[in-house]
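*Asks:* Have a look at this one.
The values are calculated or read from the model by the stated rules, or taken from the named source; none is laboratory data. Since the model is a prediction, treat every value here as computed from it, not as a measurement. Reconstructed Cβ throughout: ideal geometry from the backbone, glycine too, with neighbour counts over all protein chains shown.
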Amino acid sequence: MSTATVDGVIVELTGGDITAQADVDAVVNAANAQLMPGGGVAGAIHRAAGPGLAQECRPLAPIRPGECVITGGHQLPNPWVIHCLGPVYGVDEPADVLLAACYRGALDLADGKRLTSVAFPAISTGAFGYPVDAAAQVALSSVVQAAPRLRHVRRVRFVLFGADVLATHHAVLARLTGSMDGAA
């Protein structure tokens, strides 16, 4: 795991399974508009959380690109799940603004609930086709910009799939912060 600290907020980059982050208050779901099980991150989170998550999500849907909602974690090791609908690259525009809104919105929801830690996937980079380099720049810039105003969130973890995705995020975070601890 590699880390950087921005205005008292520790930003962590790691590989692994977002549903196995037992030491964070909330995991972020790269959701679909209906907030239902699907492929990728949404499917993994719903499988791990059990059917109660879909039941809780049903009345909250649909959401639009850039929007976020929060639910309980059900059978996940985390008390909360923050669901964000990222943009479909090349369809939902302006994609960068909508993607940044996901990260800001999730952090605002977490901070509003007085949560101290959040784990994000690389929103929109899977089936939604957002290029990893551009998505990493938006995601990490959004977190760095939000850090000074966060009152409760002290740790933001990115749980990334694949060594190349992890290395890309590491390079972007090092560029944004000027320093990193650990290796990609």
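*Asks:* Out of 45, 63, 123, 82, I need the residue that is in contact (Cβ under 8 Å) with a residue 12 or more places away in the chain, under 18 Å from residue 158 (Cα atoms), part of a loop (DSSP other than H, G, I, E, B) and not small (Gly, Ala, Ser). Which one?
*Replies:* Details: 45 fails: part of a loop (DSSP other than H, G, I, E, B); 63 fails: under 18 Å from residue 158 (Cα atoms); 82 fails: part of a loop (DSSP other than H, G, I, E, B).
The conditions single out 123.
*Asks:* On the basis of being under 20 Å from residue 108 (Cβ atoms) and over 17 Å from the mean Cα position of the chain (by Cα), does residue 50 make the cut? Let's see the steps before the verdict.
*Replies:* Details: under 20 Å from residue 108 (Cβ atoms): no; over 17 Å from the mean Cα position of the chain (by Cα): yes.
The answer is no for residue 50.
*Asks:* Is it true that some residue in region 70-84 is more than 13 Å from residue 28 (Cβ to Cβ), of a type in the set (Val, Ile, Thr), at pLDDT 95 or above and within 17 Å of the chain's Cα centre (by Cα)?
*Replies:* Going through region 70-84, the residues more than 13 Å from residue 28 (Cβ to Cβ) turn out to be 72, 74-75, 77, 79.
Applying the additional criterion that residues be of a type in the set (Val, Ile, Thr) yields none.
Looking through region 70-84, none of the residues is more than 13 Å from residue 28 (Cβ to Cβ), of a type in the set (Val, Ile, Thr), at pLDDT 95 or above and within 17 Å of the chain's Cα centre (by Cα).
*Asks:* A further question follows. Can you report the number of residues in region 145-160 which are more than 14 Å from the chain's Cα centre (by Cα) and touching a residue at least 60 places away in the same chain (Cβ under 8 Å)?
*Replies:* Looking only at that region, the number is 4.
*Asks:* If you go through region 16-27, how many residues are touching a strand residue (DSSP E or B) at 6+ places or on another chain (Cβ under 6 Å) and surrounded by 16 or more Cβ atoms within 10 Å (Cβ to Cβ)? Step through it out loud before you land on a result.
*Replies:* Restricting attention to region 16-27, the residues satisfying the condition of being touching a strand residue (DSSP E or B) at 6+ places or on another chain (Cβ under 6 Å) are 16, 18, 21, 24-27.
Cutting the leftovers down to surrounded by 16 or more Cβ atoms within 10 Å (Cβ to Cβ) gives us 18, 21, 24-27.
Residues flagged as touching a strand residue (DSSP E or B) at 6+ places or on another chain (Cβ under 6 Å) and surrounded by 16 or more Cβ atoms within 10 Å (Cβ to Cβ) within region 16-27 amount to 6.
*Asks:* When region 88-117 is examined, which residues are found to be of a type outside the set (Val, Ile, Thr) and assigned to a loop (DSSP other than H, G, I, E, B)? Even if it seems obvious, please write down each step before you answer.
*Replies:* Looking only at region 88-117, we keep the residues that are of a type outside the set (Val, Ile, Thr), and these are 89-90, 92-96, 98-115, 117.
Within region 88-117, 89, 90, 92, 93, 94, 113, 114, 115 meet the criteria.
*Asks:* Can I ask one more? Within region 132-157, work out how many residues are more than 22 Å from residue 114 (Cβ to Cβ) and outside any helix (DSSP H, G or I).
*Replies:* Total meeting the criteria: 0.
*Asks:* Kindly check whether there is at least one residue in region 162-182 that is assigned to a strand (DSSP E or B), of a type in the set (D, E, K, R), closer than 18 Å to residue 68 by Cα and touching a strand residue (DSSP E or B) at 6+ places or on another chain (Cβ under 6 Å). Outline the logic, then answer.
*Replies:* Just the residues of region 162-182 that are assigned to a strand (DSSP E or B), to begin with: 181.
After this cut, where a residue has to be of a type in the set (D, E, K, R) as well, the list is 181.
Checking which are closer than 18 Å to residue 68 by Cα leaves us with none.
Checked region 162-182: no residue is assigned to a strand (DSSP E or B), of a type in the set (D, E, K, R), closer than 18 Å to residue 68 by Cα and touching a strand residue (DSSP E or B) at 6+ places or on another chain (Cβ under 6 Å).
*Asks:* So, one more: Looking at (1) outside any loop (DSSP other than H, G, I, E, B); (2) in contact with a helix residue (DSSP H, G or I) (Cβ under 6 Å, 6 or more places away or on another chain); (3) not aromatic (Phe, Trp, Tyr), which is the one condition that is false for residue 76?
*Replies:* (1)
*Asks:* Sort through 95, 122 and tell me the only one that's over 23 Å from residue 178 (Cα atoms), crowded, with 19+ Cβ neighbours inside 10 Å and modelled with pLDDT of 95 or more.
*Replies:* Values: 122 fails: over 23 Å from residue 178 (Cα atoms).
Sole residue among the options that is over 23 Å from residue 178 (Cα atoms), crowded, with 19+ Cβ neighbours inside 10 Å and modelled with pLDDT of 95 or more: 95.
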